[in-house]
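Worksheet for the structure shown next.
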Amino acid sequence: MISKSQFKKLLIVTIVLISAFAKAQEKPNVIIIYTDDQGSIDLNSYGAKDLKTPNIDALVNDGVRFTQFYASPICSPSRASLLTGKIPQRAGVPGNAGASMQSKSGLKGSEYTMAEMFKDAGYATAHIGKWHLGYQPEMSPNAQGFEYSFGHLVGCIDNYSHFFYWNGRNRHDLFRNGKEVYHYGEFFPDLMVKEASQFLEKNGTKPFFMYFASNMPHYPYQGDTEWLEYYNSKGVKYPRNLYNAFVSTLDARVGDLVNKLEELGLKGNTIIVFQSDNGHSTEQRAHNGGGNAGPYRGAKQCLFEGGIRVPAAITWPNRIPKGAVRDQFAVNADWMPTLAELCGIKLDTEELDGKSLLPVINNSKIGSLHSEVFCWQFGKMWAARKGKWKLLGNPYDTSNRDYTFTEKRFLVNLEEDLGESKNLAEEHPEIVAQLEQQYEKWLINNNRN
């Protein structure tokens, strides 16, 4: 039998623990759903008329949908920018990370990632899905702030054998916390949901950050049979039928993930960010297309709008506006400072290129936080944006794999020509000169290569 003084001490300790637990639970959970090569309008909520995407649309419509949201034109730079809050050049990943086991390219361990930010704030952290930010141990998810990691390290895999197929020796590419694992014959998107669900079950009593990096709808197109049959029955033509089936397969797995959150009672205090990493692919392995950029010109691997303008949204039930649309210019580097502010995490933003979108999320009337001044570079192609004006240097158009452009400078007025069809460079040489200077200054200040 304990004494009165011991009982008081025990009561105080219990109250402190309960208070600490309650305080911890006040921190919102965060899930980033990052899709792979999803076209600019390839959701019902973004204008697609021949797709069924009810689960993702529910997330988009439950929060704030961005209509002028930008990423990089290919996978690795986009992911590096997301996880560091920096433009790809300053993050040291201007192009895709090398696929060979000897490659040294990728996200350096010296970069401070979003996962490290959440881990330092007491969050459980997990990477589920595609990585594509380097093959070296110091570039691995577990070395970049993710306490738990499951997925493939390079750009794409077969969803059943989990082999990476490219030039040279093909190899198995499936890892759990740095150790190669084998699940031959199991559908990779189902494995992702299973691993994510187990993480949620284990860590749902404390705040968590999950980077759910889907490999869909990146090729190879391997959608559920029932979805392929559905689109064939609707008369959707090749290769759109293959692509659509994979997008709806993606949507179904997002639905499974959200259902797990609801089952565990976690959805109400979970911020969910949804975004595609770049535009749709028109590569041969993607059957030369299938995705849809809508009114925009271009596709993955170029800097026309169809390559870099992507669907993006954020939801947090009862905490941010529902069914809202924001037309302000924003970029994926903005998510890191945005989530830090929403979660009450102190973050030194001085070295970041991203800006917290919270003012925009809360107020549709304010201007763009970037003043719509931005630059991109991909290989020899570059783009400089200021307000309605966009100048492309050394352009080419991957919507039809046209690399034969004769114009060295291509100026467009996006307010009047969203499809970037008319070159105004000769009509406005003064604007061309201004944007060239903007790009040259950006190049000097930011390019580490």
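Can you find a residue that is in a loop (DSSP other than H, G, I, E, B), in the same structural domain as Ser276 (by TED's automatic domain parsing), hydroxyl-bearing (Ser, Thr, Tyr) and within 18 Å of Ile33 (Cα to Cα) anywhere in the range 102-124? Checked the range 102-124: at least one residue is in a loop (DSSP other than H, G, I, E, B), in the same structural domain as Ser276 (by TED's automatic domain parsing), hydroxyl-bearing (Ser, Thr, Tyr) and within 18 Å of Ile33 (Cα to Cα). Scanning the range 149-178 for residues that are touching a helix residue (DSSP H, G or I) at 6+ places or on another chain (Cβ under 6 Å) and among the hydroxyl-bearing types (Ser, Thr, Tyr) yields one hit, Ser149. When Ile314, Ile320, Ile308, Ile272 are checked against the criterion of being hydrophobic (A, V, I, L, M, F, W, C) and within 21 Å of Lys52 (Cβ to Cβ), a single residue qualifies: Ile272. For Gly306, the conditions (1) assigned to a helix (DSSP H, G or I); (2) under 23 Å from Thr84 (Cβ atoms); (3) not basic (Lys, Arg) all hold with the exception of (2).
Of the residues making up the range 270-292, those that are in a loop (DSSP other than H, G, I, E, B) and surrounded by 24 or more Cβ atoms within 10 Å (Cβ to Cβ) number 9. From the list Gly367, Gly379, Gly354, the one residue that fits, being assigned by TED's automatic domain parsing to the domain that holds Gly85 and of a type outside the set (A, V, I, L, M, F, W, C), is Gly354. Is at least one residue of the range 324-343 more than 20 Å from the chain's Cα centre (by Cα) and either acidic (Asp, Glu) or assigned to a loop (DSSP other than H, G, I, E, B) (or both)? Looking for residues that are more than 20 Å from the chain's Cα centre (by Cα) and either acidic (Asp, Glu) or assigned to a loop (DSSP other than H, G, I, E, B) (or both), one finds none in the range 324-343, hence no. Being within 19 Å of the chain's Cα centre (by Cα) and not in a helix (DSSP H, G or I) holds for only one residue in Tyr182, Tyr211, and it is Tyr211. For the range 147-188, the candidate set comprises residues that are small (Gly, Ala, Ser) and loosely packed, with under 15 Cβ neighbours inside 10 Å; within that set, the residue that is farthest from Arg253 (Cα to Cα) is Gly168.
For the range 141-161, give me the residue count where each residue is closer than 17 Å to Met210 by Cβ and either of a type in the set (S, T, N, Q) or not assigned by TED's automatic domain parsing to the domain that holds Arg171 (or both). Of the residues in that region, 3 qualify. Condition check for Gln89 on (1) among the polar types (S, T, N, Q); (2) in contact with a strand residue (DSSP E or B) (Cβ under 8 Å, 6 or more places away or on another chain); (3) at pLDDT below 95: one failure, at (3). Residues considered: Glu305, Glu341, Glu351. Of these, the only one that is farther than 26 Å from Met117 by Cα and touching a residue at least 12 places away in the same chain (Cβ under 8 Å) is Glu305. When Arg240 is tested against the conditions (1) surrounded by 23 or more Cβ atoms within 10 Å (Cβ to Cβ); (2) out of contact with any Lys or Arg (no Cβ under 7 Å at 6 or more places or on another chain); (3) among the charged types (D, E, K, R); (4) farther than 16 Å from Thr35 by Cα, the lone failure is (1).
Within the range 221-236, which residues are surrounded by fewer than 17 Cβ atoms within 10 Å (Cβ to Cβ) and within 15 Å of Ala286 (Cβ to Cβ)? Scanning the range 221-236 gives no hits. Considering only residues that are in a helix (DSSP H, G or I), at pLDDT below 95 and among the β-branched types (Val, Ile, Thr), look in the range 1-60 and name the one that is farthest from Trp227 (Cα to Cα). Per the stated criteria, the residue is Ile12.
For the range 367-387, filtered to residues that are aliphatic (A, V, I, L, M) and at pLDDT 95 or above, the residue that is farthest from Phe329 (Cα to Cα) is Met381. Applying the criterion of being of a type in the set (Phe, Trp, Tyr) and touching a residue at least 40 places away in the same chain (Cβ under 8 Å) to the residues of the range 119-158, the residue that is nearest to Ser81 (Cα to Cα) is Trp131. Does any residue of the range 87-100 turn out to be β-branched (Val, Ile, Thr), over 20 Å from Ser214 (Cβ atoms) and touching a residue at least 12 places away in the same chain (Cβ under 8 Å)? Yes, some residue in the range 87-100 is β-branched (Val, Ile, Thr), over 20 Å from Ser214 (Cβ atoms) and touching a residue at least 12 places away in the same chain (Cβ under 8 Å). Is the range 113-132 home to any residue that is at pLDDT below 95, surrounded by fewer than 14 Cβ atoms within 10 Å (Cβ to Cβ) and of a type outside the set (A, V, I, L, M)? No, the range 113-132 contains no residue that is at pLDDT below 95, surrounded by fewer than 14 Cβ atoms within 10 Å (Cβ to Cβ) and of a type outside the set (A, V, I, L, M).
The values are calculated or read from the model by the stated rules, or taken from the named source; none is laboratory data. All figures in this text were calculated on a predicted structure; none of them were measured in a lab. No Cβ is skipped: glycine too gets one built from the backbone with ideal geometry, and neighbour counts run over all protein chains shown.
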